[in-house]
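K.L.:
Following this message is one structure expressed as structure tokens.
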Amino acid sequence: MNNEVKIDIANNEELYRFNYVAKQAHGSAWVKEGDTVLLATVVVDDTTDSKEDFLPLTVQYIEKAYAAGRIPGGFIKREMKPSDFETLTSRIIDRSLRPLFPKGFYYPVQITVMVLSVDEQSDLQRLALNAASAALFTSSLPVSKSVCGARVTRIDNELVVNPTLSQLALGDFDLYLAGTKEDLLMIEMRSLGGSVSENIELPLIDPMLDPALALQTIERQIDNVLSESELINAIETLQNHVFAFNTEYEKAFQPFVLPTLPLALSENGVDTKLQEYIRTNFSEAIANALEFLAKSERSTVMDTIVSEILKSDFCQAEDCDATMVKKVVEDLKRTFVREQILNEKRRADGRTLTEVRPITIETNILPQSHASTLFTRGQTQALVALTLGGSHDAQMYQNLTDNDTQNEKLMIHYNFPGFSVGEASRIGPAGRRELGHGNLAKRAIEPTFENSDDKTVRIVSEILESNGSSSMATVCASSLALKAAGLSVTNLVAGVAMGMVSDGSNYAILTDINGQEDHDGDMDFKV
């Protein structure tokens, strides 16, 4: 077929077909590897609210039961609520593709990846990202770079790139990277065995990972099965593969790229006259507002400053736009935060770059729970309750690549109510963020939990206050709750969010970032 291309990637042959099905979408890719078939589509809405400085991207990864020759279980015989794996895979695709869109592109975009046939040895997360990227790269949207996912493990001291699921089960660790042919965008890592017996400080940013790269949400866990040099070597090896893979993808896909739609980018230009007025007259007020670290308090102070500016004689004469005033104030706030960190090596709350916020811990404060922990770090607070059950209390599940059902005997459920950040919002079922953060905490805790008595353990983390890395507070509190329950663990686990601020030539690494540094910085690196 003239719309077909085959690519050999790490001993895997991937077949791509473009303009083959779903031809009314703005981009589609039919991807086949072995007996696995995926369809990825891209659709864009040509209307946008240019006042919103946000890309409304929706990613849906959907597994069809017929792909594995099954009829859905349960009373209703059709696919319903997404599984945790589907939700987590959707998040991986979103995090990896979102940085590709040009600045000012705020049109609603929907990317859908459907698994139509599955080989039980296939790495569906890797293929799903590659399929989505192929559909986006060849679509009529203004995206000119491809992204691919790649995985590596170590078996008998040998690195295996893009292992089968059987090979991965034999490995020491699971390292997943996503990036373009130039930049590394995301890292996820977890241990697959061993025990934590020592604390290892890993300088992953310099020199191997250029801090100027557009690193997005980076989440990983590591134990002592890897030395520091071995870990860096594994990341560097896989990173080089990702860069090489994307070079092959772009060369092969280029002939199938559709003509770009005439979609105007939102300039969101700044009124320089207004900017100079605010900088001259309100810089001190904006800088003082940085001292209010809680999101609710800081927002109130910022809103007050915006109101004062709008009431000023300058704005009355110039008929200032409220949205533009808010943008200028927000931009100046971001500039002050970054300049203070880079130039003064000092953060808005007075901490040094490596200083952790004060920590307080209380255990077993809920009388009827089998164990509980209240963990507070700065203005981030997690209440964790642990419940013990028998084998019959385990969560049954079956992935598309599984031959039989499995039992999840360690569950970590994360809840993030609006009051934790001072918002009046409805509390509903767990969303993608809640599932993602709970999974992140579980990957950190699971390698240390020795369940020799076949117990089922459910840990629930209620975030009562949040100003920076509630997921890492969940890791700390969950590990402490296991100890408080008297359960066998190899060692305690701690989690911290690392950040980075860079101006292209200088950079600063931040330990234990708060919400403001997450928002205005360049990286969120959960370790």
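K.L.:
Return the distance in nm (one decimal) between the two label points of a simple spin-label model at Leu342 and Glu120, each offset 7 Å from Cα along Cα→Cβ.
P.N.:
5.4
K.L.:
So what are the radius of gyration and Dmax for the Cα set of region 381-456, in Å?
P.N.:
Answer for region 381-456, Rg first and Dmax second: 15.0, 46 Å.
K.L.:
So which lysines pass the test for Lys326, namely a Cα distance under 23 Å, with those fewer than 8 places away in the same chain ruled out?
P.N.:
Partners found: Lys51, Lys103, Lys273, Lys295, Lys311.
K.L.:
Pull out a ≥ b ≥ c, the square roots of the eigenvalues of the alpha-carbon gyration tensor of region 54-196, then state rounded if a/c is under 1.5, prolate if not and a/b is larger than b/c, and oblate in the remaining case.
P.N.:
On the way: a/c = 2.07, a/b = 1.14, b/c = 1.82.
Note, shape of region 54-196 comes out oblate.
K.L.:
Something else now. Going Cα to Cα from Lys455, which lysines come in below 19 Å? Please leave out same-chain ones fewer than 8 positions away.
P.N.:
Lys409, Lys442, Lys483
K.L.:
Sticking with this structure for a sec: Out of residues 5 or more away from Leu366 or on other chains, whose amide H comes under 5 Å of its own, with H placed 1.01 Å from N in the peptide plane?
P.N.:
Amide H neighbours of Leu366, under 5 Å, 5+ apart: Ser372.
K.L.:
Rounded to the nearest 5, what % of DSSP beta bridges with both residues in the chain are antiparallel? Don't jump to the answer; show the numbers that get you there.
P.N.:
Details: 74 of 91 bridges.
For the chain, the DSSP antiparallel bridge percentage is about 80.
K.L.:
Along region 65-82, what does the Karplus equation 6.51 cos²θ - 1.76 cosθ + 1.60 (θ = phi - 60°) give for ³J(HN,Hα), rounded to whole Hz, x for Gly and Pro?
P.N.:
4, 5, 4, 10, x, 10, 9, x, x, x, 6, 9, 8, 8, 5, 10, 5, x
K.L.:
Can I ask one more? Counting other C-beta atoms within 10 Å, and keeping those with at most 15, which DSSP coil trypsin sites (Lys or Arg not before Pro) do you find in region 82-157?
P.N.:
Details: sites: Arg91, Arg95, Lys103, Arg126, Lys145, Arg151, Arg154; in loops: Lys103, Lys145.
Listed in order of number, the matching sites are Lys103.
K.L.:
Now for a different question. Keeping all protein chains in place and using 1.4 angstrom, which order do His437, His413, His370 fall into by accessible surface area, from largest down? List each step's numbers first, then the result.
P.N.:
Numbers: His437 15, His413 70, His370 100 Å².
Ranked from most to least accessible, the order is His370, His413, His437.
K.L.:
Let me know the charge dipole size of region 417-471 about its Cα centre in debye, to the nearest 20, where only the beta-carbon of Lys, Arg (+1) and Asp, Glu (-1) is charged. Provide the component values of the computation, followed by the final result.
P.N.:
Details: 7 positive and 8 negative charges, 52 e Å.
Dipole size: approximately 260 debye.
K.L.:
Across every pair of different alpha-carbon atoms, what Kirkwood hydrodynamic radius in Å does region 356-484 reach?
P.N.:
Numbers: mean 1/r = 0.0653 Å⁻¹.
One over the average 1/r among Cα pairs gives 15.3 Å for region 356-484.
K.L.:
If you take every DSSP beta bridge fully contained in region 1-155, what fraction is antiparallel? Give it as a percent rounded to 5.
P.N.:
Working: 24 of 31 bridges.
DSSP beta bridges in region 1-155 are roughly 75 percent antiparallel.
K.L.:
Around Gln167, with a cut-off of 14 angstrom between Cβ atoms, what is the net charge of the other residues, counting Lys and Arg +1 and Asp and Glu -1?
P.N.:
Surrounding charge for Gln167 is -4.
K.L.:
Amide H to amide H under 5 Å from Thr380: which residues, 5+ apart in sequence or cross-chain, H placed 1.01 Å off N in plane?
P.N.:
Close amide H contacts, sequence-distant or interchain: Asn467.
K.L.:
Restricting to DSSP H runs of at least four residues, report the calculated mean residue ellipticity at 222 nm for the chain, -39500 (n - 2.57) per run over all residues, nearest 500 deg cm²/dmol.
P.N.:
-9500 deg cm²/dmol
K.L.:
Which shape class, rounded, prolate or oblate, goes with the chain when its Cα gyration tensor gives a ≥ b ≥ c as root eigenvalues, a/c under 1.5 marks rounded, and past that a/b bigger than b/c marks prolate? Write down the numbers at each step before the final one.
P.N.:
On the way: a/c = 1.64, a/b = 1.12, b/c = 1.46.
Judged from the Cα gyration tensor, the chain comes out oblate (a/c at least 1.5, b/c at or above a/b).
K.L.:
Given +1 on the Cβ of Lys and Arg, -1 on the Cβ of Asp and Glu, and no further charges, what dipole in debye does the chain carry about its Cα centre, rounded to the nearest 20?
P.N.:
For the chain, the charge dipole is close to 920 debye.
K.L.:
Compare Arg338, Arg433, Arg78, Arg347 by solvent-accessible area with a 1.4 Å probe and give them largest first, with all protein chains kept in place.
P.N.:
Arg78, Arg433, Arg338, Arg347
K.L.:
Let me ask something else. Can you grab the distance from the C-alpha centre of region 335-363 to the C-alpha centre of region 104-121, Å, no decimals?
P.N.:
Here the two parts' Cα centres lie 39 Å apart.
The values are calculated or read from the model by the stated rules, or taken from the named source; none is laboratory data. Everything numeric here is computed off the predicted structure, so don't read it as measured data. Reconstructed Cβ throughout: ideal geometry from the backbone, glycine too, with neighbour counts over all protein chains shown. Protein only, heavy atoms only, side chains kept; ligands, DNA and RNA dropped before computing areas. Shrake-Rupley method; radii C 1.70, N 1.55, O 1.52, S 1.80 Å.
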